[in-house]
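The block underneath contains the structure these notes are about, expressed in structure tokens.
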Amino acid sequence: MGGRTVAIFTAHFDVTADAVIVELNRRAVPVFRCDPADYPAVVSLAAHFGVGWTGLLRAGERTLDLADVACAWWRRPGRSTVAPDVREFEWLEREASAGLRGVLSTLPWLNHPETIRAAEHKPCQIATAAQVGLRVPPTLVTNDPDAARVFAKAHGALIYKPLTGGILSDGTVIYASPVDMDTIDDGVRATTHMFQPRITKAYELRITVVGERLFVARIDANSEIGRQDWRADYQNLTYRSYSVPDHVADKIHRFMREMRLRFAAIDMIVTPDGGHVFLEANPNGQWAWIEDETGMPIASAIADVLEGATP
């Protein structure tokens with residue numbers, strides 16, 4: 001018999017996690033919330049292995065019995081930190097992270113933290129989406145400017161996309177953007193770039209997958225910058241509920257199984273001829289604003305999975 005407590009590992013300020021916690025509180029489900037960034041300075045761990053791992057995780061006055069966890073959610077936590085003036089602080093940080101994450105890895109998870117890490121790789125997402133039959137754009141991943149020029153000649157107008165979140169140290173966000181071929185020079189060699197052909201869009205979809213449920217929002221961008229990347233212009237977006245065809249839904253579920261995910265936020269393009277093109281999947285993507293805009297009960301669905309009401 002499993003435990004009853006839902007453990008949520010995330011930053012102190014996370015309105016998306018808050019929405020699920022409110023729902024769990026409404027159901028009288030015990031919740032333990034903790035930011036791993038507070039370990040080892042504030043949070044303490046004492047875990048023992050016998051038949052399995054048991055022990056306690058303490059955060060201030062709150063205590064989690066590891067044996068009482070029904071399900072855990074690795075949302076958006078910070079990184080374990082040690083004061084930089086401590087001798088060998090980098091080694092201490094690595095040891096802290098390895099110990100905490102190592103013990104927590106044995107818990108039952110919505111998405112296992114190591115699965116999240118693996119699933120974040122866009123080349124893997126693209127290969128898996130194609131494997132299950134989803135339509136994906138031709139894609140080039142390179143730091144070779146000559147390869148980029150050859151790809152452009154073969155496919156025409158290109159879009160550049162960052163492989164990670166695209167947030168720079170000064171807070172600047174790099175969005176998907178059209179490529180001016182005249183600007184492709186040796187600067188491409190500085191890091192990896194991902195290029196895809198520019199696809200004509202009718203509109204885009206944000207598909208939030210929770211267990212076996214799909215919450216699909218159609219996103220219409222009413223500005224040129226929003227049509228390039230809707231994340232760049234939220235104020236000029238409109239939303240409505242949408243139903244993907246059954247054959248697309250089936251492939252999305254197969255994709256989730258192949259990636260070993262129970263939650264993901266998937267972005268797709270719908271072309272003017274009704275085609276559905278896979279762009280990417282975020283195994284820890286945001287969804288709260290979609291619920292606010294459409295009324296889709298996403299927080300409730302996540303709470304269902306976390307408390308064990310659905311597989």
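Readers should treat all values here as calculations from the given coordinates under stated rules, not as data from a laboratory. As the structure is a computational prediction, the values presented were derived from the model and not from experiment. Here the Cβ positions follow ideal geometry from the backbone for every residue, glycine too, while neighbour counts run over all protein chains shown.
General observations
- Protection proxy ranking for 109-119, 58-68, using the average of other Cβ atoms within 10 Å per residue and placing the highest first: 109-119, 58-68.
- For the chain, the 222 nm mean residue ellipticity estimated from helices alone, with every DSSP H stretch of n ≥ 4 adding -39500 (n - 2.57) and the total spread over all residues, rounds to -8500 deg cm²/dmol.
- Rounded to the nearest 10 degrees, the angle from helix 89-104 to the longest Cα principal axis of the chain is 80 degrees.
- Net +/- balance of residues flanking S223 in space, Cβ distance below 15 Å, scoring K and R +1, D and E -1: -2
- Take the Cα of A11, step 7 Å toward its Cβ, do the same at E258, and the gap between the two points is 3.2 nm.
- Of the Cα atoms belonging to the chain, the radius of gyration and Dmax stand at 21.3, 64 Å.
- Contact order relative to length of the stretch 1-41, as percent, for alpha carbon pairs under 8 angstrom and 6 or more apart: 54 percent
- Proximal charge balance of R4 [Cβ under 12 Å; K/R count +1, D/E count -1]: -2
- Beta bridges per DSSP with both ends in the chain, % antiparallel, nearest 5: 80 percent
- Bins of 5 Å, starting at 0 and running to the largest distance - Cα pair percent for the stretch 272-311: 6, 17, 16, 18, 22, 13, 5, 3, 1
- Cα-based convex hull, the stretch 82-146, per residue volume (Å³, whole number): 155 Å³
- Charge dipole of the stretch 140-197 (Cα centre as origin; +1 on each Lys and Arg Cβ, -1 on each Asp and Glu Cβ, all else neutral): 220 debye, rounded to the nearest 20.
- Rough spin-label spacing in nm, given labels placed 7 Å along Cα→Cβ, for L168 and R58: 4.5 nm
- Here the label points at V51 and V22, each 7 Å from Cα along the C-beta direction, are separated by 4.0 nm in the simple model.
- Here r is the Cβ-Cβ distance between F89 and Q235 and R0 is 35 Å; the resulting FRET efficiency, rounded to 0.05, is 0.25.
- Per-peptide average of other Cβ atoms within 10 Å, ordering 261-274, 223-236 highest first: 261-274, 223-236
- Modelled FRET efficiency - R0 45 Å, M181 with S44, Cβ distances, 0.05 increments: 0.20
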